[in-house]
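Notes follow the structure.
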């Protein structure tokens, strides 16, 4: 397989994996728009080459900052792509400043995520805004471009997604229609956490703090406190759910020392990873290959479609991003998996742009695909483990600090602001 070199020390192997994985964004972004394509193969009813993703683009922007910082790509090359991206986003379909989940990379027109869902997606928009704000902070040599990216954030009407009757923030919205069954209120611990931080800190049309404390945090699947595999899990559903629930929130936001009335979020991120690891080590389903060096359940492709894999929805499919994106929180367990995936299984699951999306050893299945929302977190998490770069960029943003303060958080970054 392309680029497979065994025998590297831990640091060199992490760098090798991060650099290869970043190719998904540096080499395979949509050439016209600069956006990240949703996936590399195996599309479910849409055009792989043209379908671009807002959330995956946000993750990809964070990954490209890493590529620039490490010298894997010239800064000017990445800035040129972001210039194209800014122009595309300024003209693309938006709904009160909120972007849809999918867009056509050629036209900027909304592509339905599912029937009836062709409006704004506030969660995907939050992921995109993280990337835009981080780029604006990092590339100080391009202040005019940074101002354009910040303007896209300022134009998001976060309050438009608040349902008047109960104060819930709604995931999906089309301004010309009533709330649809696909709208979904944001409740319970999950990946939507950045919506509240960026929304509460927005200079215009913010989300009120009560939406976080009185709706999001009062859901049945928010507080947990039970032990699984000997690990106490502060938040989330039984056995934690898919690992992306506690990974996406902390790509840009540093959970270390991040505390409010509900939880210590550094403890949450580590506990969720360790619970997932403990399940795979115990392997109650007797799946082939599971163990201390082969673990990680999260949403990904699967032999039977697309599955939100978790200890309570375990089909025998391992998704490399799950363990690798846990590196900042469970470094020993993450490193052991990384080495096994690369040195032992690499002949089957490693390629030009890093690891495939998922594999099932018992069924002899290896995904043909790579997904933006799975590849991006690998690059970002490995860099945050190494240097904390993305965390430092974002935790010092005034909008982020304002959001955390509005929601009653404490953090070392807030103490020194």
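Please indicate, with yes or no, whether at least one residue in region 234-242 is in contact with a strand residue (DSSP E or B) (Cβ under 7 Å, 6 or more places away or on another chain), modelled with pLDDT of 95 or more and more than 30 Å from residue 314 (Cα to Cα). Show your work before the answer.
Within region 234-242, the first condition is being in contact with a strand residue (DSSP E or B) (Cβ under 7 Å, 6 or more places away or on another chain), and the residues that meet it are 234-236, 239-242.
Still in the list and also modelled with pLDDT of 95 or more: 234-236, 239-242.
Subsequent filtering for residues that are more than 30 Å from residue 314 (Cα to Cα) retains none.
Taking every residue of region 234-242 in turn, none turns out to be in contact with a strand residue (DSSP E or B) (Cβ under 7 Å, 6 or more places away or on another chain), modelled with pLDDT of 95 or more and more than 30 Å from residue 314 (Cα to Cα).
If residue 329 satisfies all but one of (1) outside any loop (DSSP other than H, G, I, E, B); (2) buried (at least 21 other Cβ atoms within 10 Å of the Cβ), what's the number of the condition it fails?
Single failed check for residue 329: (1).
Do we find a residue being crowded, with 24+ Cβ neighbours inside 10 Å and within 28 Å of residue 357 (Cβ to Cβ) anywhere in region 198-208?
yes
Among the residues of region 146-179 satisfying the criterion of being under 18 Å from residue 135 (Cα atoms) and without any contact (Cβ under 8 Å) to a residue 40 or more places away in the chain, which is surrounded by the fewest Cβ atoms within 10 Å (Cβ to Cβ)?
Filtering first and then ranking leaves 147.
Name the single residue, out of those in region 93-112 being free of Cβ contacts under 8 Å to residues at least 24 places away in the same chain and surrounded by fewer than 21 Cβ atoms within 10 Å (Cβ to Cβ), that is nearest to the chain's Cα centre (by Cα). Before the answer, list the steps.
Kept after step one, since they are free of Cβ contacts under 8 Å to residues at least 24 places away in the same chain, are these residues of region 93-112: 93, 107, 109-110, 112.
Then drop every residue that is not surrounded by fewer than 21 Cβ atoms within 10 Å (Cβ to Cβ), which leaves 93, 107, 109, 112.
Values: 93: 22, 107: 25, 109: 23, 112: 20 Å.
Among residues in region 93-112 that are free of Cβ contacts under 8 Å to residues at least 24 places away in the same chain and surrounded by fewer than 21 Cβ atoms within 10 Å (Cβ to Cβ), the one nearest to the chain's Cα centre (by Cα) is 112.
Report the residue count in region 39-75 for those that are at pLDDT 95 or above, surrounded by 17 or more Cβ atoms within 10 Å (Cβ to Cβ) and in a loop (DSSP other than H, G, I, E, B).
Of the residues in that region, 3 qualify.
Residues to consider are 360, 340; find the one that is in contact with a strand residue (DSSP E or B) (Cβ under 6 Å, 6 or more places away or on another chain) and at pLDDT 95 or above. Even if it seems obvious, please write down each step before you answer.
Working: 360 fails: in contact with a strand residue (DSSP E or B) (Cβ under 6 Å, 6 or more places away or on another chain).
The match here is 340.
Please determine, by comparing only the residues of region 243-269 that are part of a helix (DSSP H, G or I) and touching a strand residue (DSSP E or B) at 6+ places or on another chain (Cβ under 9 Å), which one is surrounded by the most Cβ atoms within 10 Å (Cβ to Cβ).
In this case the residue turns out to be 246.
When you go through 346, 362, 334 one by one, which is the residue that is in contact (Cβ under 8 Å) with a residue 24 or more places away in the chain, over 28 Å from residue 35 (Cα atoms) and crowded, with 20+ Cβ neighbours inside 10 Å?
Selected residue: 334, the only one of 346, 362, 334 that is in contact (Cβ under 8 Å) with a residue 24 or more places away in the chain, over 28 Å from residue 35 (Cα atoms) and crowded, with 20+ Cβ neighbours inside 10 Å.
Given the conditions (1) surrounded by fewer than 24 Cβ atoms within 10 Å (Cβ to Cβ); (2) assigned to a loop (DSSP other than H, G, I, E, B); (3) touching a strand residue (DSSP E or B) at 6+ places or on another chain (Cβ under 8 Å), report the number of the one that residue 281 does not fulfil.
(2)
The values are calculated or read from the model by the stated rules, or taken from the named source; none is laboratory data. Bear in mind that the values here come from a model prediction, so they are computed numbers and not experimental data. In this analysis, Cβ positions are derived from the backbone assuming ideal geometry, glycine residues included, and neighbour counts consider all displayed protein chains.
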